[in-house]
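The values are calculated or read from the model by the stated rules, or taken from the named source; none is laboratory data. All figures in this text were calculated on a predicted structure; none of them were measured in a lab. As a convention, Cβ positions derive from the backbone with ideal geometry for all residues, glycine included, and neighbour counts pool all protein chains shown. Please note that ligands, DNA and RNA were not included when accessible areas were found on the heavy atoms of the full protein model with its side chains. Shrake-Rupley method; radii C 1.70, N 1.55, O 1.52, S 1.80 Å.
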Amino acid sequence: MRPALKQIFPFLASLFLLSLFPLSGGAAGAAEMKGDAAPLSPQTQACIDCHKTYTPGIVHDWLSSRHAKTTPDAALKKPALQRRISAAKVPDDLSPYAVGCYECHSRNIEKHKDSFDHMGYRINVIVSPHDCKTCHPVEADQFAGTKKAHAVKNLMSNPVYHSLVSTITGVKEIKDGKISAKEPSNAALMDSCLGCHGTKVETKGMKKVFTRMGVVEVPELTNWPNEGVGRENPDGSLGSCSSCHARHSFSIETARKPYTCGQCHLEPDVPAYNVYKESKHGNIFESKYHEWDFSAVPWTVGKDFTAPTCSTCHNSLIVSPSGDVLAERSHDFGARLWVRIFGLIYSHPQPKSGNTTLIKNKDGLPLPTTFAGEPATEHLITASEQEKRQGVMKGVCNGCHGTNWINGHFAKFDTTVQETDAMVRAATALMSDAWNSKIEEPTNPFDEGIEEMWIKQWLFYANTVRYSSAMTGAPDYGAFKLGWWEMTNNLRNMKDLINLKKAVKSLSEKEAR
């Protein structure tokens, strides 16, 4: 038998056997495997009949999902607060069937440069936010304007941040007694910064892949695979819904649990997950989460959960036991945030636009504040908008805590933000001294020893203290674990190293005369 036929024959044989003995009886078999199932379209049934053999994990994961167990038509009949679908109407070809393989992978073919012919169907490799928008338009539109959706551009199209990324990642060499940095490879970027921020995925034609079913021709994609939150997709959309709603169950339970946020929001630069685990809220979660209902919509405080997770504070639809709405659902994850405690290099009001490349400060730099701490006000939300957003967040807190408790917490937090900014200003004053004294070179502000210490002051230590204060109840993070101890010690070490380098420079200049 010729080689090509050897590769194709197992696939043809398996299809023949499937036609004689369909595994688990098609849609009925799906129901047996994972409870009641909604009607499947003929196209999705064909996908499942084959993929039960070749990618059974994906099939079983999908069978556990709400997508597999209900139809858009049934979803639209639920009361507004219980509805998990924001479209007023769904296309007729979708509404009577479960949201299955074909329903997701065949959307908007004309926009997808990653579409291809597969076993008689035209499908897309990537299911993008624009595709999910078919049933979830409000969520998709909310997300589209966020910092998360623009995460790749905000990082890689900002020359300052791009310089930081390029300096940190990639291979370093020692040449002539100096450290020389090579441009980071795509692999290094995808395994580090762009693993969370996302990559730009483009199509470079077709390629042949050798699989268990034989040779399959598929699109060749750049910077793939990747599920970064700001991924730029081949259909022009931004983001990856599966960053939080992991495929193929797309579970709201998974998205609501802090483990998902903890994939990217962790120490040393964004220590939210680490601080949460040490906090009283995190303590209650770890002790009681098995008693909670993570799938309920709306999410009732005190009934479905008894302490907040990340999604409670930032985006879930929260109601009181009497049904009063405490916070509307939003996929704009900054909608309840008034201050940006992720210092760049200082805390500042939240940006007006999720596309932060639009920002220019008074010094002409693409940063939300100057090195002296003056905010780029025209690009940041107003005081009244800050007050409005803080009011929404206080409303979430008010589901469990009294007004006096809440006001005390936020007053403490405001003070902490001001004090950490003061510690960053002190470090920046030392850094400016080093640049002005020409013992460090400011062309790239991230590639020398004192500069790295300065970066730690605002990117690691000040951020940690702010997150510890914002999420309250993790005092060791505020004190010793990347907190006040490190800020103080780092400041002293910066000063000592500057003095030492000044002395060496002075001595060298004397010897040269």
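Does the range 356-385 hold any residues that are surrounded by 17 or more Cβ atoms within 10 Å (Cβ to Cβ) and either of a type in the set (A, V, I, L, M) or within 24 Å of the chain's Cα centre (by Cα) (or both), and which are they?
Residues satisfying the conditions are Thr356, Ile359, Pro366, Leu367, Pro368, Thr369, Ala376, His379, Leu380, Ile381.
Please determine whether any residue of the range 116-126 is open to solvent by less than 20 Å² (accessible area, probe 1.4 Å), in contact (Cβ under 8 Å) with a residue 60 or more places away in the chain and under 19 Å from the mean Cα position of the chain (by Cα).
Yes, the range 116-126 contains a residue that is open to solvent by less than 20 Å² (accessible area, probe 1.4 Å), in contact (Cβ under 8 Å) with a residue 60 or more places away in the chain and under 19 Å from the mean Cα position of the chain (by Cα).
Would you please name the residue that is farthest from Thr309 (Cα to Cα), looking only at residues in the range 471-495 that are open to solvent by 10 Å² or more (accessible area, probe 1.4 Å) and not in a helix (DSSP H, G or I)?
Out of the qualifying residues, it is Phe480.
Output the residues belonging to the range 170-199 that are surrounded by 17 or more Cβ atoms within 10 Å (Cβ to Cβ) and under 20 Å from the mean Cα position of the chain (by Cα).
Within the range 170-199, Ala188, Leu189, Met190, Cys193, Leu194, Cys196, His197, Gly198, Thr199 meet the criteria.
Which of the numbered conditions does Ser432 fail, given that it passes all the others? Conditions: (1) touching a residue at least 60 places away in the same chain (Cβ under 8 Å); (2) open to solvent by 20 Å² or more (accessible area, probe 1.4 Å); (3) touching a helix residue (DSSP H, G or I) at 6+ places or on another chain (Cβ under 7 Å).
For Ser432, the exception is condition (3).
Inside the range 148-202, can you point out the residues that are of a type in the set (Gly, Ala, Ser), touching a Ser or Thr at 6+ places or on another chain (Cβ under 8 Å) and either modelled with pLDDT of 95 or more or within 27 Å of Ala246 (Cβ to Cβ) (or both)?
Ser157, Ala188, Ser192, Gly198
Filter the range 435-470 for residues that are in contact with a Phe, Trp or Tyr (Cβ under 8 Å, 6 or more places away or on another chain) and among the small types (Gly, Ala, Ser); which is surrounded by the fewest Cβ atoms within 10 Å (Cβ to Cβ)?
Once the filter is applied, the top-ranked residue is Ala470.
Yes or no: the range 40-50 includes at least one residue that is outside any helix (DSSP H, G or I), open to solvent by less than 80 Å² (accessible area, probe 1.4 Å) and either among the charged types (D, E, K, R) or modelled with pLDDT of 95 or more (or both).
Yes - at least one qualifying residue is present in the range 40-50.
Given the residues Val297, Val229, which is the only one that is buried (at least 20 other Cβ atoms within 10 Å of the Cβ), part of a loop (DSSP other than H, G, I, E, B) and at pLDDT 95 or above?
After applying the criteria, what remains is Val229.
Of all residues in the range 313-339, which are crowded, with 23+ Cβ neighbours inside 10 Å, touching a strand residue (DSSP E or B) at 6+ places or on another chain (Cβ under 9 Å) and not small (Gly, Ala, Ser)?
The answer is Asn315, Ile318.
Is the range 408-416 home to any residue that is open to solvent by less than 40 Å² (accessible area, probe 1.4 Å), more than 17 Å from Arg340 (Cα to Cα) and among the hydrophobic types (A, V, I, L, M, F, W, C)?
no
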